[in-house]
1. Whether any residue in the stretch 36-58 is touching a residue at least 40 places away in the same chain (Cβ under 8 Å), surrounded by fewer than 18 Cβ atoms within 10 Å (Cβ to Cβ) and aliphatic (A, V, I, L, M) is what I want to check.
2. What number of residues within the stretch 16-35 are of a type outside the set (Asp, Glu), under 14 Å from residue 81 (Cα atoms) and either surrounded by fewer than 14 Cβ atoms within 10 Å (Cβ to Cβ) or at pLDDT below 95 (or both)?
3. Kindly list the number of the only condition in (1) part of a helix (DSSP H, G or I); (2) more than 11 Å from the chain's Cα centre (by Cα); (3) surrounded by 13 or more Cβ atoms within 10 Å (Cβ to Cβ) that fails for residue 88.
4. Mind listing whichever residues of the stretch 1-34 are assigned to a loop (DSSP other than H, G, I, E, B) and within 20 Å of residue 65 (Cβ to Cβ)?
5. Of the residues in the stretch 59-85, how many are under 19 Å from residue 18 (Cα atoms) and either loosely packed, with under 12 Cβ neighbours inside 10 Å or touching a residue at least 24 places away in the same chain (Cβ under 8 Å) (or both)?
Amino acid sequence: MATKESILNKIQILITNHFETPEDAFSFFDEDSDGKLKKSEIVKLLKQAEINGFIRGLVGSKLIDGYDKSGDELIDWTEFKTAVEKIKEA
């Protein structure tokens, strides 16, 4: 099973190699342009990052649990930016 570090590394590689800025990545995955990423949009991000299909849903839930500070079960831009900054530190 993938380790937390390998998952975070894959997400960082995706954001760094495929988008000019984290804002571009957020906008790309925010398919309905509501300013928040729902679990299905996060799962698509994880798929693009080549996270194994078996654990995508679990990792998506963990990301929401870990970074959703507003408690709405969505990731807004501020929460996404915080997550990206933490990933860069890992």
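1. Yes: one or more hits.
2. Here the count works out to 4.
3. Result: residue 88 passes all but (3).
4. If we filter the stretch 1-34 for residues that are assigned to a loop (DSSP other than H, G, I, E, B), which is where we start, we get 1-3, 19-21, 30-34.
1, 2, 3, 30 - these are the residues of the stretch 1-34 that are assigned to a loop (DSSP other than H, G, I, E, B) and within 20 Å of residue 65 (Cβ to Cβ).
5. Within the stretch 59-85, residues that are under 19 Å from residue 18 (Cα atoms) and either loosely packed, with under 12 Cβ neighbours inside 10 Å or touching a residue at least 24 places away in the same chain (Cβ under 8 Å) (or both) number 5.
The values are calculated or read from the model by the stated rules, or taken from the named source; none is laboratory data. Remember, predicted model here, so these are calculated numbers, not experimental data. Positions of Cβ are backbone-derived with ideal geometry, glycine not excepted, and every protein chain shown enters the neighbour counts.
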